[in-house]
Structure formats: C-alpha cells, structure tokens
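Structure first, commentary second.
The values are calculated or read from the model by the stated rules, or taken from the named source; none is laboratory data. Remember, predicted model here, so these are calculated numbers, not experimental data. Glycine also receives a Cβ, built like all others from the backbone with ideal geometry; neighbour counts cover every protein chain displayed. The accessibility values were calculated without ligands, DNA or RNA, using every heavy atom of the protein model including side chains. Shrake-Rupley method; radii C 1.70, N 1.55, O 1.52, S 1.80 Å.
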Amino acid sequence: MAYTTIDDPSAHFHIQLYTGSGSSGNSITNDANAGDFKPDWLWIKPRSITDNHVVFDSSRGQDRQLKPNGTDAEDTHSPARITFETDGFDIDTTDQNYNQSSATYIAWQWKVDGGTRTTFTESSNNPGGGRQVNTTAGFSIIDYTGTGAAGTIAHGLGAVPQWMLIKGREHVGGWINYHHKVASDPETDILELQSTAATYDNSTYWNDTAPTSTNFTVNTSNDVNKDGDGLIGYIFTEIKGYSKFGKYTGTGTNDGPFIYTGFKPAFVLKKGTGSGDWHITDNKQNSSNPHDNALRPNVNNGTETGNTLDFYSNGFKIRTTGGSWNSSGNVYVYMAFAEHPFVSSKGVPVTAR
C-alpha cells in the first residue's frame, strides 16, 4: 500500500494570509503554490483586531455565514459578502470582520467537490438533505434537515469518520464535535467548539452509536437533529500522509510530547478533554519554528503569542507548559493537516520545503 495518495496537500487544503483594503471588491488570490484552488469550506479570522471567526461553504451558499466562536444561527447577506473564485475568493464588503483597511486576516480553505451535491431524502427518522464528498482528501460537507428522533445519515466517505463537526443553521446552539480519541467510548461524548467546557457524556447527540464507514447517527438533541431545522456537518476521515486526528498526553514541561503525524503539519487544531481553550496553530502565522502565534476558535480575540509548537517533517512537538496545551497528565485531542507528507507516494522521503 502506498504511503500516501496525496503528494501535494495544497490541492485540497490551503492557508492564505491577507490584508484588508477597506473597500468592497477586495480580491484575495491564493499563493501560487495553491494552483487553481477554489474553496468549498472557507474559515476566516481577523488576526490584528478583535472580531468573529466566520465560515462559509459551497453547500449552504456563499451568502450564508456561521460564527464558530458563538452559538448564533446562520446569517444571510444579500448580496453575498464572499464569493468563491477559481484562485481564492472575493470580499464584497468593508465590514471589519473580513476587510478593514490595513487589518490582517487568515483564511483556512478546504476543497470538496465544487459545490456539487448529491441529495438524499428523509426516510423514517433518517434526515434528508445533500452531501458533497472528496474521498481522496477524506472530507464531506453534509447539509440536512433534522427529524428530532434517532436516525442515520450517509456521509459518503467510504471510511469511518474520526472527526465530525455539526452546527444548527436555524437556531441558537453549540458547535458539536465528535472526535474518535476524546474518550475510550467516544460515541458517548462531545466537545463544543465555541466553549472551554470539558468533554461530557450525553446520549442525545450520537445515540451512543459509533459512526461507521457508511453512516453516522444523530439522536434527539436540537444541536444535531432539531426537527424541521437545517443543520450542517463537516465530516472527516484520516488520509495517511495528509490528515491526522489523534491525541497526546501533557507532560507539564517545556520539553513536551512529540506527536507523530507522518507529515509536516500546516495546521493543528487542538483542545484538552478537560476545561480549557481551543487553539489553532499553522505554518503561515509563523513560517518557521518556533510556532508561537495561535488563534482561539472559542473566542473572537486576535492572534495570541507565547504558547509554542515546533513543526517537524513528521509531526509536531509541544514547547509550552500552558494548561490549555500541556498540563501534566491531561489528554488533548487534535486535528492536523499536512504541508507535505513525510514520505511520498513513491516511498521517497520528502525534503522539507
């Protein structure tokens, strides 16, 4: 079996820094190494000012945004403030959340299937909706209408999901995370992206049923299956050499744990299973070690410094004693995407770029 099927992760995931223009029509062109990269899931965060995280996707439509650091329902803007382009995206607003003059921003972008959805109909308690799938990169976006009762949804990945993020579009509610390493029985537990709360057990989310290579299960909680309301799901399965969804145990020392991923990370999102903040560290806020700039998805703060990761050709290492990063004996879960694999599909070690 090949070490990886993705020699160029930038074909599926890209990070772009940009500066606001303060005028409508700001065209954000992705770096040349990204090629023709039209995003399907776009996550924007101001770095130099305090304002919300915002996400858009090509399934819901580019005129609709959600805020990962809050519980608000979906906002709809007409005309759309963001339009996806073949080499990035355009910003058609002067709103400081996306485009304040001289403010700095970051955009994390994933490709799926160009907005091409396969629809599915409600059947008994199983929700109906649509999905677009990128099986090569192990990612699907699923929009569905809740039934309010335990049912299943086909994710289309052909492999068991390791990370799932669900948000209600039409009502106030949390961003519900399933992570396969959050507990010994992860199908019983959730984390909330907008919250510092610890992992907690509640059968009304996943019906205490683990996802399979075909389906995931939602139960009666409004946050994952409110009857008659629209919801959105971002569903991931690991792809060797490209993505990893794992855990590590804190040591409480600056010489913290090394986490093997099998690739040089471009992006790491992590959260302790106990109480504490979420953090995103990436290879654009710092282009080389130490990576000490981070953003917190659960708050609207700008970039923070002082909590350090080192990125290596085959993983990352914790270089801080901060309690939200590396408290002794505490367990942390993460999702990571590659800058490039440790070994190419031909079995050749990849020289760090």
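Some values worked out for this structure:
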item	result
Reachable lysines from Lys317, criterion Cα separation under 20 angstrom, eight or more residues apart if same chain	Lys181, Lys240, Lys244, Lys247, Lys264, Lys270, Lys271, Lys284
Amide H contacts of Trp278 (H built 1.01 Å from N, under 5 Å, at least 5 apart or other chain)	Asn298
Accessible area in square angstrom per residue, segment 38-121, 1.4 angstrom probe	36
Surface share of carbon and sulfur [accessible, 1.4 angstrom probe, percent] for segment 18-92	38
Rh (Kirkwood; distinct C-alpha pairs) - segment 159-225, Å	11.9
Stretchable slack from Val331 to Thr204, in nm (0.36 nm times residue separation minus alpha-carbon distance)	43.3 nm
Choice from Ile190, Ile259, Ile176 showing the highest fluctuation, given a GNM over the chain with Cα pairs closer than 10 Å	Ile259
Residues with amide H under 5 Å from that of Thr308, placed H, sequence gap 5 or more	Arg319, Thr320
Cα-based radius of gyration of segment 25-106 once divided by 2.2 N^0.38 Å, which approximates compact folds	1.05
Förster radius 30 Å - calculated FRET efficiency between Thr135 and Val172, Cβ distance, rounded to 0.05	0.35
Loop trypsin sites (Lys or Arg not before Pro), segment 139-222, which have at most 11 other Cβ atoms in a 10 Å radius of their Cβ (DSSP)	none
C-alpha center-to-center spacing [segment 123-146, segment 170-226] in angstrom	16
Alpha-carbon centroids, segment 67-107 and segment 1-50: separation in whole Å	13
Theoretical FRET efficiency, 1/(1+(r/R0)^6), r = Cβ-Cβ of Glu304 and His77, R0 35 Å, to 0.05	0.75
Where labels lie 7 Å past Cα in the beta-carbon direction, separation of Ser288 and Thr121 in nm	6.0
